[in-house]
Amino acid sequence: MEEKYRTEKLASWILDVESDLPEGGNLKAVYEHAVPYFKQKVLPAVKDGQNVIFCAHHSSLRAIVKYIEDISDKYIKEGSFSTGELATYYYSDGRLIKENAEIALKRN
């Protein structure tokens, strides 16, 4: 894909929620797969008081964080995560709350 479309163009498509990535895989497509899985498999375990480690690739994590923190399309596109970064959430009052707020999506 990088050779076919250039790295910069590919990166902009992947990070954009509404882009028309020729062979799929934009954030919207990833969101539509990752968030239902998260809601069905991960969230019930957390609500039951279980500790869950959710490890995934960059786009999936971006989609899950977008959902959990209700991040706008514009902000999620502009932000970035560090590789290997750990974010901890706890469940309280019917929602997930980030425990370590000093680790956050950073604007480029």
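Screening the stretch 68-80 for residues that are within 19 Å of Tyr37 (Cβ to Cβ) and surrounded by 13 or more Cβ atoms within 10 Å (Cβ to Cβ) and picking the one that is modelled with the highest pLDDT gives Ile68.
When restricted to residues that are within 13 Å of Tyr31 (Cα to Cα) and in contact (Cβ under 8 Å) with a residue 24 or more places away in the chain, the stretch 59-76 contains 12. Against the condition surrounded by 11 or more Cβ atoms within 10 Å (Cβ to Cβ), modelled with pLDDT under 90 and among the acidic types (Asp, Glu), how does Glu85 come out, does it pass? So Glu85 passes the test. Once the stretch 68-86 is narrowed to residues that are out of contact with any strand residue (DSSP E or B) (no Cβ under 9 Å at 6 or more places or on another chain) and part of a helix (DSSP H, G or I), the residue that is nearest to Glu99 (Cα to Cα) is Ile76.
Looking at this structure, is Leu27 hydrophobic (A, V, I, L, M, F, W, C), at pLDDT below 80 and either surrounded by fewer than 16 Cβ atoms within 10 Å (Cβ to Cβ) or within 14 Å of the chain's Cα centre (by Cα) (or both)? For Leu27, the condition - hydrophobic (A, V, I, L, M, F, W, C), at pLDDT below 80 and either surrounded by fewer than 16 Cβ atoms within 10 Å (Cβ to Cβ) or within 14 Å of the chain's Cα centre (by Cα) (or both) - is not met. Just one of (1) modelled with pLDDT of 85 or more; (2) within 11 Å of the chain's Cα centre (by Cα) fails for Asp48. It is (2).
Residue-wise test of (1) modelled with pLDDT of 70 or more; (2) surrounded by 10 or more Cβ atoms within 10 Å (Cβ to Cβ); (3) not in a helix (DSSP H, G or I).
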{"site": "Ser12", "(1), (2), (3)": "no, yes, no"}
{"site": "Glu32", "(1), (2), (3)": "yes, yes, no"}
{"site": "Phe38", "(1), (2), (3)": "yes, yes, no"}
{"site": "Leu61", "(1), (2), (3)": "yes, yes, no"}
{"site": "Lys66", "(1), (2), (3)": "yes, yes, no"}
{"site": "Leu96", "(1), (2), (3)": "yes, yes, yes"}
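The values are calculated or read from the model by the stated rules, or taken from the named source; none is laboratory data. Computed from a predicted structure; not experimentally measured. Backbone-built Cβ (ideal geometry, glycine too); neighbour counts: all protein chains shown.
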